[in-house]
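Everything below concerns the one structure shown next.
The values are calculated or read from the model by the stated rules, or taken from the named source; none is laboratory data. Not measured: the values here are computed from a predicted model. No Cβ is skipped: glycine too gets one built from the backbone with ideal geometry, and neighbour counts run over all protein chains shown. Surface areas here come from the heavy atoms of the whole protein model, side chains and all, with no ligands, DNA or RNA. Shrake-Rupley method; radii C 1.70, N 1.55, O 1.52, S 1.80 Å.
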Amino acid sequence: MENKWKKLGTATLLLSVLLAGCGSAKSSESKNESFSVMEQSDLLTTDGSKSIDLTSFNMINNSQEGLYRVAKGNKVVAGLAEKVVKPTNDGKTYTFKLRKGLKWSNGDALTAKDFVYSWRRTVNPDTKAGYAYIMDNVKNATAINAGKMKPSKLGVKALDKRTLQVTLTHATPYFKYLMAFGIFFPQNQNAVEKYGSKYGTASKYMVYSGPFKLQGWTGINMSWKLVKNNQYWDKKNVAVSKIPVKVVKDPNTALNLYQSGKLSDALLSGEQASQEKSNKAFVKYEQGQTAYLAMSFKKGKATANVNVRKAVSLVVNRKTLTSKVLADGSTPATGFMPSDFVKNPKTGTDFTKDANVSEAVEYNVAKAKKYWKKGLKETGKTKVNFELVVSDDDSQKKVAEAVQSTVEQNLPGATVTVRSLPTKGAQSAQLGGNFDMTVVRWIGDYTDPLTFAQLQTTGNTYNYGSFSNKTYDSLVAATNGKDANNEQKRYEDFVKAEKLLMNQEAVVPLYQAVQTQLVNTKVKGIVYHPTGAPYDYKWVHVEK
């Protein structure tokens, strides 16, 4: 998901937790417990079918719920389903029983049909859901999204009001994590039809199934609230009554408010992180997230030339970028896939070592100039002006400026024009391919390498540069098809795909991200996930 960063992915979500009040630390009936959170990018939608950015998914994850929820330690637990179930039919059939008496926030009964409606709506090509591809393993989903089959043929059925049956094309080991991801949450058909095009565009045009519901979001404002949903099945275990949310894009502003006692949590920039790392309130979250330059493959673009792409990559000093520019604990990228994300089933070796293409991430100005000279000759150009699109948060702008500086200093005839846009504008430019280069930060949606590899397949919504390679596509398809049940062969497919991607410099990996912040020590129970929607507030309480 772009962090998107979406998830990715280009809206970036980073949160800070701020103490706004406190009540009993553990009493489920304490209605005066409150804390507030900071977002670094705008909220674009709460429509689960149309969400693609991390801010939206974080709000959806806390105001809606699916069959499962991911608890502390990346453990999957039952959400709206009674329990975590084991599949039958060689791993291809899941039968879920919903909890008794489930209700939407408006009092409507929540039934298995709400899941069927939601999933069919997402794969329906008329919806234009950016994340429709994530449902590909559900029977007939790919054909439906391609317009070759009716949504009613999707492999999901309501056997009765409380029983949902899902049929997959093949066994999918990571499927349980998908059931805790916002795209797979139920939707209230009455609400979707009632609100029409306004559905999900403001808090009043939505009904909620999760621990909280949104209040006060107009669709364009920079602050709103998550308030306790009294119709939620597990409301007794939701301690806080409200969570004020405010968009703060400047880390200096956030830190100043924290230091003056007006905020109890602040997202830190690199310099701030270095200064505050000994503070008891300092928190560092590791993320399954990679930042990279997406390069345009459009005809006529200099970046469509492999030698030009390699030249740009080779002048980026990733060690300097992470230690001097970001300085927040982020590490140099060693490939498109992040490290410590997947290991070789046979040897235990980290994927990034098995799939490493050293030239794709090295710093070598002399070699870069040779590629640059060759690339200019092949494209018939003597000068190139690269338009570099980024969102307007602090860290992305710093990265863009660093890329601009090193490209202009080391590649004769190259200039870089940085276009910094608000989240929605940057996302629109990326989806439309209106750039030469763009900074993308992608956090995995679930703990499987497919969440990264699938991004660069032909036609994928988040393949911003429009890279297309039949061999790459077939390798990724094999991991989710003929080799899906052969763990070692599947892993080897991913390795081959990654090497192909890096040899083509289809994207330019920059760094693997971390998140640093100061969190008031009285705020307890925030569950952080390295993939998917990172923050879960269901179990939060505030100590006296």
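Observations, loosely collected:
- The string of couplings for segment 342-357 from the Karplus curve (6.51, -1.76, 1.60, θ = phi - 60°) is 8, 10, 4, x, 8, 9, x, 5, 5, 3, 5, 7, 5, 9, 5, 10 Hz, one whole number per residue in order, with x for Gly and Pro.
- Between K284 and S405, the modelled labels are 2.3 nm apart [label points 7 Å from Cα along Cα→Cβ].
- Expressed as a whole percent, the accessible surface of the chain that belongs to carbon and sulfur atoms is 48, based on a 1.4 Å probe.
- Segment 126-184 - percent relative contact order, Cα under 8 Å, separation 6 or more: 27 percent
- Computed from backbone phi with θ = phi - 60° and the Karplus coefficients 6.51, -1.76 and 1.60, the 3J(HN,Hα) list for segment 362-371 is 8, 10, 8, 5, 4, 5, 4, 5, 5, 5 Hz; x is used for glycine and proline.
- Overall Cα dimensions of the chain, principal axis frame, Å, largest first: 69, 58, 47
- For segment 194-284, the solvent-accessible area with a 1.4 angstrom probe is 49 square angstrom per residue.
- Take the Cα of Y174, go 7 Å toward its beta carbon, and the backbone nitrogen atoms of segment 117-152 under 13 Å from that spot belong to 134-137.
- Whole-Hz couplings from phi, Karplus 6.51/-1.76/1.60, listed for segment 380-397; x for Gly and Pro: x, 10, 10, 9, 9, 10, 8, 9, 10, 9, 9, 7, 8, 7, 4, 5, 5, 5
- Here the spin labels are modelled as points 7 Å beyond Cα on the Cα-Cβ line, and at Y528 and V77 they lie 1.9 nm apart.
- Across segment 115-212, the fraction of Cα-Cα pairs farther apart than 24 Å, rounded to a whole number, is 22%.
- As a size descriptor, the averaged projected area of the C-alpha convex hull of segment 272-329 was calculated at 5.5 nm².
- Amide hydrogen neighbours beyond the local backbone of G465, cut-off 5 Å, H modeled: M295
- Sites matching GluC sites (Glu not before Pro) across segment 362-448 that sit in DSSP coil, with at most 15 neighbouring C-beta atoms within 10 Å: E362
- Long-range amide H partners of S36 with built H, under 5 Å: L18, L19, A20
- Cβ-derived FRET efficiency at R0 45 Å, K128 paired with D90, nearest 0.05: 0.85
- Here the simple spin-label model places points 7 Å from the Cα toward Cβ, and for S274 and K262 these points are separated by 2.7 nm.
- Relative contact order (percent, whole number), segment 193-237, Cα cutoff 8 Å, 6+ residue spacing: 30 percent
- Per-residue extension of 0.36 nm, minus the Cα-Cα distance of K482 and E193, leaves a gain of 100.1 nm for this segment.
- For segment 223-302 versus segment 133-181, the spacing of their alpha-carbon centroids is 33 Å.
- Label zone at R99 (point 7 Å along Cα-to-Cβ), backbone N below 11 Å, segment 182-213: 210-211
- With 5 Å bins beginning at zero, the pair-distance distribution over Cα atoms of segment 51-176 amounts to 2, 10, 18, 22, 23, 17, 7, 1, 0 %.
- Pairs of lysine residues in segment 160-228 - Cα separation under 16 Å, sequence separation of 8 or more or cross-chain: 6
- Spatially proximal lysines relative to K496 (Cα-Cα < 21 Å; intrachain offsets below 8 disregarded): K310, K343, K346, K353, K470, K482
- Estimated translational diffusion coefficient (Stokes-Einstein, Kirkwood radius over Cα pairs, 20 °C, 1.002 mPa s) of segment 210-260: 169 µm² per second.
- Where N is the number of residues in segment 305-378, Cα Rg divided by 2.2 N^0.38 Å: 1.31
- Whole-Å distance, taken between Cα centres, linking segment 315-393 and segment 78-127: 41 Å
- Whichever lysines have a C-alpha closer than 19 Å to that of K277, once near sequence neighbours (fewer than 8 apart) are set aside: K324, K522
- Charged-residue dipole, Cβ positions (Lys, Arg, Asp, Glu), the chain about Cα centre, Debye nearest 20: 900 debye
- Close amide H contacts of T163 (hydrogens built in the peptide plane, cut-off under 5 Å, sequence separation of 5 or more or a different chain): L98, A112.
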